[in-house]
1. Cβ-Cβ under 7 Å, sequence separation 6+ or interchain: first residue in the range 171-188 and assigned to a strand (DSSP E or B), partner open to solvent by less than 50 Å² (accessible area, probe 1.4 Å) and among the polar types (S, T, N, Q). Which pairs?
2. Among the listed residues V30, V61, identify the single one that is in contact with a helix residue (DSSP H, G or I) (Cβ under 6 Å, 6 or more places away or on another chain) and not in a loop (DSSP other than H, G, I, E, B).
3. Go through the range 93-107 residue by residue and tally those that are under 16 Å from D157 (Cβ atoms) and part of a loop (DSSP other than H, G, I, E, B).
4. Please go through the range 13-72 and give me each residue that is under 22 Å from A129 (Cβ atoms) and among the β-branched types (V, I, T), ordered by number.
5. Please identify the pairs in which a residue from the range 46-73 that is farther than 26 Å from N185 by Cβ and of a type in the set (K, R) has its Cβ atom under 8 Å from the Cβ atom of a residue that is crowded, with 16+ Cβ neighbours inside 10 Å and at pLDDT 90 or above, counting only partners at least 6 apart or on another chain.
6. Could you tell me whether any residue of the range 28-50 is of a type in the set (A, V, I, L, M, F, W, C), within 27 Å of T156 (Cβ to Cβ), surrounded by 15 or more Cβ atoms within 10 Å (Cβ to Cβ) and at pLDDT 85 or above?
7. Yes or no: I162 open to solvent by less than 50 Å² (accessible area, probe 1.4 Å), under 13 Å from L57 (Cα atoms), modelled with pLDDT of 80 or more and within 18 Å of the chain's Cα centre (by Cα)?
8. Identify all residues within the range 132-157 that are outside any strand (DSSP E or B), at pLDDT 75 or above and buried (at least 17 other Cβ atoms within 10 Å of the Cβ); write none if there are none.
Amino acid sequence: MSISRRRARGVTLIELILFIMIVGIALGAVVNVFNISIGHSADPLRRKQAIAIAESLLEEVEQARFTWCDPTDAAASTAANAAACAIPEAAGIEAGATRPYDNVNDYVTAFDSANSTVFLTGGVLSDAAGTPIVVGGGGYSASVTITQAGLGGIATDAALLISVRVNFDNDNVVLEGYRTRYAPNSTP
């Protein structure tokens, strides 16, 4: 009877100390997780902003025409290839052109070469209207690379791989998309 009575009285000092240690370690781990998540809570916001900038720039470039001729060329609506144009479209911005440009080729100075000046107004990243993009304190920069790439049997001069890179806080976001020459005689 004396043994069962001793067990019924409660916990021993050793059991209590072990319980406090285990609970203390668990609470320390939980507090550490909260500390880490609070300390990095702004990082996803900057990344989301960079993704939004990259998506909008990629969409702007993909929605530009991809024609054989410059829209001012008389053969722009009938040309079957670049040789039929008096002013063929080539990589590079035409003199006096403003964003959004009249052709996807205008968004880079040369194919397979990153161009980081197209989206800058006064050294600041800007939208198609030239309005500076200053989100989250700024610190974003963007570049576009366009590569002539065959795509599933489509000729290399009729398919482009567009790569948009947005840099921020020693990190970057890269989005890619394809643009094909599905309406080569589309004029404004």
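1. Taking only residues 6 or more apart or on different chains, the pairs are V174/S163; E176/S163.
2. On inspection, the qualifying residue turns out to be V61.
3. 1
4. Scanning the range 13-72 gives I51, I53, V61.
5. So the pair list comes out as R47/V173.
6. Taking the range 28-50 as the starting set, the residues that turn out to be of a type in the set (A, V, I, L, M, F, W, C) are 29-31, 33-34, 36, 38, 42, 45, 50.
After this cut, where a residue has to be within 27 Å of T156 (Cβ to Cβ) as well, the list is none.
No, the conditions are met nowhere in the range 28-50.
7. yes
8. Once the filter is applied, which keeps residues that are outside any strand (DSSP E or B), at pLDDT 75 or above and buried (at least 17 other Cβ atoms within 10 Å of the Cβ), the range 132-157 yields only Y140.
The values are calculated or read from the model by the stated rules, or taken from the named source; none is laboratory data. On a predicted model such as this, the values are computed, not experimentally measured, just so you know. Positions of Cβ are generated from backbone atoms using ideal geometry, with glycine treated the same way; all protein chains shown enter the neighbour counts. Surface accessibility is based on the protein's heavy atoms, side chains included, excluding ligands, DNA and RNA. Shrake-Rupley method; radii C 1.70, N 1.55, O 1.52, S 1.80 Å.
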